[in-house]
Each structure stands twice: as C-alpha cells, then as structure tokens.
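A short worksheet on the structure shown next.
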Amino acid sequence: MVVLSVFCLFPVYWMVVTSFRPANAIFETSLWPTAASLDNYVYALNAIPIGRMLVNTLLVSAMVTVAQLLTGLLAAYAFARWRFPFDKIVYTLIALTWLVPFQVVMIPNYLLVANLGLLDSLAALILPHFAGALAVLLLAQAMRSFPTEVIEAARMDGARSWRILWEVLTPNLRGTIASLAILIFISTWNEYFWPLLLSRTPENSVIQIGIQMFMTSEGTAWGPLMAAATLASLPILAIYVLLQQQVIQSFTKSGIR
Amino acid sequence: MMSQLSIRQLKKRYEGKQVLHGVDIEIEHGQFVVIVGPSGCGKSTLLRIIAGLEDVTEGEISIDGERVDDLDPADRGCAMVFQNYALYPHMTVRENMAYPLKIARMAKAEREKRVGEAADMLDLTAYLDRRPAQLSGGQRQRVAMGRALVREPRVFLFDEPLSNLDAKLRVTMRIEIKRLHRRLKATSIFVTHDQIEAMTLADRLIVMNAGLIEQIGSPVDIYRQPASTFVAGFMGAPAMNLMPARLAGTRATLERVSDYAVETGSFGPGRDAITLGIRPEDIVVSRDARVGLLARIDLIEELGGSRIAYCSVGEQEIAVVLPKAVSFREGDRLSLDFPAPALHAFDRETGLRLTAMNAARQEVANPLVTA
C-alpha cells in the first residue's frame, strides 16, 4: 500500500516541486528544488487571468452540480415511484446515454450551441451537462431502496409527490446526494475537451484551458504550467481533505469510473 | 345504528390474479375489528384498499355514508400504523407526530397541543426530541400510533403492527392498544396473522382465507362455533382435531379408527361423509380403558401451564390437553372420550359447518350475520 501510494503521489509531488524550480533548473532531477523561487507563479499569474479562470471553473462546476442534482432528483422520482408507458425503455435509454462517449455528441452539441449564439460563453459550458445519466441512475436506485412503507405513511399523512420528494426522500438521501455532488463537481472541474472547443477568450475560459495555454507550438513552458496546474488542483485537494469520507464512499458507491 | 365503514362486493385483481373475491363488511362506530388469516389470504390488501394505498378493482367502500374509494388516502379520514413503524428517519419524534398536522396547515399552537396530548397518552413526552433511530422498537411503534392519533381519524388501520416486536413486548403493546381503544373508542381495523392477538383484541373477528371471508363474529362465537373446517383449524392452538367420519343414522363412525362411533344427530338426507371436529381441551382423558377410545401417546409438549399430548389411534392423529391431576408419559396408553356437546360436524365436501336437525344444540344459523 505504501509503495502504491508513493507511486501514485509522486507525479503530484513532482508537479509541485517543478513549479518552484527556476526556469534554468527546470529539468533538474533532484528530489528537492536546489533554488526555490516563486517566479513561475508570478509568470503564470501575469500570463493568463488565473483568478478569473478559477472563478469561472468554480461557477461552471457548481452550476452543473446543482443542475444535475435537481434534474436527477426529479427524473429519479418519476422512475422510482411512477408507472407510465414505456418507463422501463426510457430508463434504459437514459442508462445507455451514459455509455456514449462525449466525443461522439461533441459536434452536434457544438452546432446547437453555435446556433443558439452561445459560443465563448459560460452558459454553453453548463448547458450540455444540465442532466446526467449517472445522477438519474444513482438517485433512482437510492429511491427504490428507500422503504416504501415510509412513503406510504407520508401519503396517508396527506403528502403528495412534491412533498414526498423534497420533504421525505431528499433529506434521507443526503449521503447519496453528497457523494453524487462530489463526483459531478470533480468531473466537471477536470473537463477539458468541451471547454477547449468552445472557449475563444481567456476571460470566458476555465482553468484547464488556461493550463493548456502554456503548451504552444514553440515549446512548453513547464515551470508556469506546473504552477498553474498546482493552483488548479488546490480546490479539488481542499474538497478531498474536507470530505475525505464522502469521497471514498462516492467512489465505492458508484463503482470506480 | 348506521354502520360507519361499509364495504360492498369488494374485488381486487393484480395483473390478472384475483386476490379478493367479493368481500362484504359492515363495521359499527367504535368497534375494534380484527382481520385474521394466513399469509396471502388478502387481509393486508383489504386494509391497504381501505386506506387508499391500493385501487379497487370492483365494489365500493363508504365511511360515514360517503363513498371514499375514489378519494386520496389523506382525504378518507383513515390513519394507518404500519408493520415496520414507517417513521420519518430524519425527523424527531415531535416532528414525526406533527407532520400530518403540518401538511393539513394546522396552527402551530394547536399542533403542539395535540402532539403533547398524544405523547402524554403514549408515555413519549421524554422522547419528543429524539430521532427514531434512538428509540427501541416498542417506542417506535408508539410514535407511529401517536402520529395516527393526532390526526383524530375516523378509522384507525393497523397493519400487523406488533409482528416486529419480541414476544414479551408484543403482549405489553397488545394490552396498551386495547386500553387505548377502551379510552378513545375509535373505530379500528387491525390486521394480523396471530390468532392470539386476534382473539384478545377483537370486538369482532373476521377470518379470511384465499381472498374470501370465512366467518365474521365475536371471538368466542368463532372459537366455539367455527363456520368451516378452515376456521376450526385456524383458530385455536393446538388446532382443533379434524377427523373424517361416516354417518349412519345419528351416529358417526371415525374412518381411520375401526369400530368407534359417536352420537352426533342427523344432518338431513344425503350427508353421510362428514368431518368431525373436537378441540384438544374438550377431550376427556382417563386411564380407564373401558370408556372411550384407546390411544397411545407419541409425543408430549410441555407448555408449563399445560401439557399437550399427540396421540395416535389407528391412522388417526389426535391432540389432547392432558389433565394436570394425572401424570402421563410418552408411550403411555390412555383412553379418550368425546363428549357429544363438544363435537363439531362439517360437510366433507364444502367444509361448511353442519347443524344437527334433532340435537338441541345452539348454532349460528348464518355465521355472516353481524354480531
């Protein structure tokens, strides 16, 4: 386990260490920077609007998370509690969309967003992720395993579907919802292709695009790149530290992706 | 007096399978009615239909003269206590009990008052701020009853509420429910498969089997005069001995025992294949081989307060309650006597109770007549 952890952590460590090396020592192989400097951070912060990009990424990730949870809860309730024509088929279709790689629907999504005049906007980053199969499937499963008797008791007490969903089911699915929120947030934060396709100006970009800006045809500015990458991973790191238990649970619950 | 809950020709089909085959029940104000039957007999379905949790396939249900079978569960004026308590895990006891009132938009002061009263009645005042997970099974079930109580419903429905409790607690809760009913006089329908619960709680007992009502009556009537072999075998532990017999004149000969006949009276022409029944405690046991039927004890069940012997006579198995005065052991021989007034006769084909034409025994002419 220790060996494995070291193996996994080493690239992260290398990223941090490299970000502190001055430009002339960037390819040094010592485990500790011989002359630590913050030059890379200064350069990175001046080259791209990192602050703005981080806020953008945060905004997009948060919005996508909230939106997916909302649509997921509504759809999951319908699948878990109601019988309607073709319900099983629709459910299966939603499950199948999970298996379609994003690259396949990238072009039609791009055309749609372009026709809506949303190119180079944050809205376009959020829109295609407004609903996600994972959220619907996971929440529907959690709702199905919730005791029917309690829902029936709520019906006897006078609660209709809306109340049952928000006042009875949702508060009791906190664990699942928290896990799901973490998964969605992290995967949105790490998203690269879709923003790459849409973003035109740094001001409307997310941090992953910012990092990529240090890789140019003239060569890669490794120092600033590592500095930006370190900054980009800090919020995720914070989530891991704060919600360690939840994160582990969410990965075991959903099956490691 | 007009009945409060009336069910007429109620039928229920699930995906082509008939679960209830036309059920008729009239329940008076304040009665405690227990529906008992083996699992799968449709008793829980019937209760859920009354509650509105299941649709009616055919027939109608009225409460206080108002058709309710198209109404939402909450609008029927029924409150239900579930088998697994069905409390809201994320709410405190207080919030659980106040929830139906909150939905009904009752003023907070009135809500508090009702919850307080119910908690008082159920000894829950000290637990009002706890969550269900911090309570014992018995306490949870009391909270569930409290949640039903605060609504002041027209009808209380209980769906096997005691079956998850351990034996001792079950008895305590049973008595508590009975006391509560005495005090509130609220119309109650209680579903159970436990015949002791059924016998002890019921003002009126409904015995169901295979989607049909076998018998309705007071617990004592049902015990003393079961309307069919099913009821005879289902109510009472150990079960009534049922023995195939052949009738000749007014005497019936047990088929599995050679040369033993008892006086039963006549049941009209053409009824010669019958089933004779006698309860284990009605059999007179003695060591005197000159009277009655000679039998051998295969097994004795020691219940502390009483002992039950399972005997064999020819191919016939007979259970008897042993008298305390005489000490019998397994393998002993004893003689069994069946006193005529304790005998029950049933038609072998239909299983229905037969009434002797010439015997002066009291019989229920039609067991479905309401008590």
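Worth pointing out:
- Within the accessible area of chain A (1.4 Å probe), percent carbon and sulfur: 72 percent
- Between A:LEU111, A:LEU45, B:SER163, the Cα set farthest toward the positive side of the dipole of the protein assembly as shown (charges on each charged residue's Cβ, about the Cα centre) is that of A:LEU45.
- Taking a straight Cα-Cα cut-off under 14 Å and skipping sequence neighbours fewer than 8 places away in the same chain, the aspartates and glutamates within cross-link reach of B:LYS185 are B:GLU28, B:GLU152, B:GLU176, B:ASP203.
- Take every Cα pair under 8 Å whose residues are at least 6 apart in sequence, average their separation, divide by the length of the range A:106-257, and the relative contact order is 28 percent.
- Here the average projected area of the convex hull drawn through the C-alpha atoms of the range A:26-117 stands at 11.6 nm².
- Per residue, the range B:189-229 exposes 31 Å² of solvent-accessible protein surface, assessed with a 1.4 angstrom probe and all protein chains in place.
- Mean separation of Cα contacts under 8 Å (6+ apart) over length of chain B, as relative contact order %: 16 percent
- For B:ALA148, net neighbour charge (Lys/Arg +1, Asp/Glu -1) across residues whose Cβ lies under 11 Å away: +1
- Once you reduce the range B:290-306 and the range A:39-104 to the center of their Cα atoms, the two points are 75 Å from each other.
- At least 30 Å² accessible surface lost relative to isolated chain, residues of the range B:54-93 (1.4 Å probe): B:ASP72, B:PRO73, B:ALA74, B:PHE82, B:ALA86, B:TYR88, B:PRO89, B:HIS90
- Once the Cα gyration tensor of chain B is diagonalised, semi-axes √(5λ) in Å: 46, 25, 15
- For the range B:1-126, the per residue solvent-accessible surface stands at 43 Å², with DNA, RNA and ligands left out and a 1.4 Å probe.
- At most 15 other Cβ within 10 Å, DSSP loop - chymotrypsin sites (Phe, Trp or Tyr not before Pro), the range A:182-222: A:TYR192
- Computed Kirkwood radius, in angstrom, where 1/r is averaged over Cα pairs of the range B:132-171: 11.1 Å
- Each peptide in A:139-145, B:151-157 was scored by the mean count of other Cβ atoms within 10 Å over its residues; highest first, the order is B:151-157, A:139-145.
- Taking a quarter of the surface of the Cα convex hull of the range B:123-221 gives a mean projected area of 7.4 nm².
- The accessible surface of the range B:230-290, taken with every protein chain in place and a 1.4 Å probe, is 49 percent carbon and sulfur.
- Rg(Cα)/(2.2 N^0.38 Å) for chain A, N = residue count: 1.21
- Across the range B:214-324, counting alpha-carbon atoms alone, Rg and Dmax equal 14.9, 46 Å.
- Nearby lysines by direct alpha-carbon distance to B:LYS102 (threshold 20 angstrom, same-chain neighbours under 8 apart not counted): B:LYS113
- Separation between Cα centres of the range A:155-200 and the range B:115-140, rounded to whole Å: 33 Å
- Comparing Cα centroids, the range B:36-101 and the range A:9-26 end up 67 angstrom apart.
- Size descriptor, Kirkwood hydrodynamic radius, that averages inverse alpha-carbon separations across the protein assembly as shown, Å: 31.0 Å
- Computed from protein heavy atoms with a 1.4 Å probe, the total accessible area buried between A and B is close to 1900 Å².
- More than 22 angstrom apart: percent of Cα pairs within the range B:1-80: 19 percent
The values are calculated or read from the model by the stated rules, or taken from the named source; none is laboratory data. The structure displayed is predicted, hence computed values, not measured ones. For neighbour counting, all protein chains shown are included, and Cβ atoms are generated from backbone atoms with ideal geometry for every residue, glycine included. Surface accessibility is based on the protein's heavy atoms, side chains included, excluding ligands, DNA and RNA. Shrake-Rupley method; radii C 1.70, N 1.55, O 1.52, S 1.80 Å.
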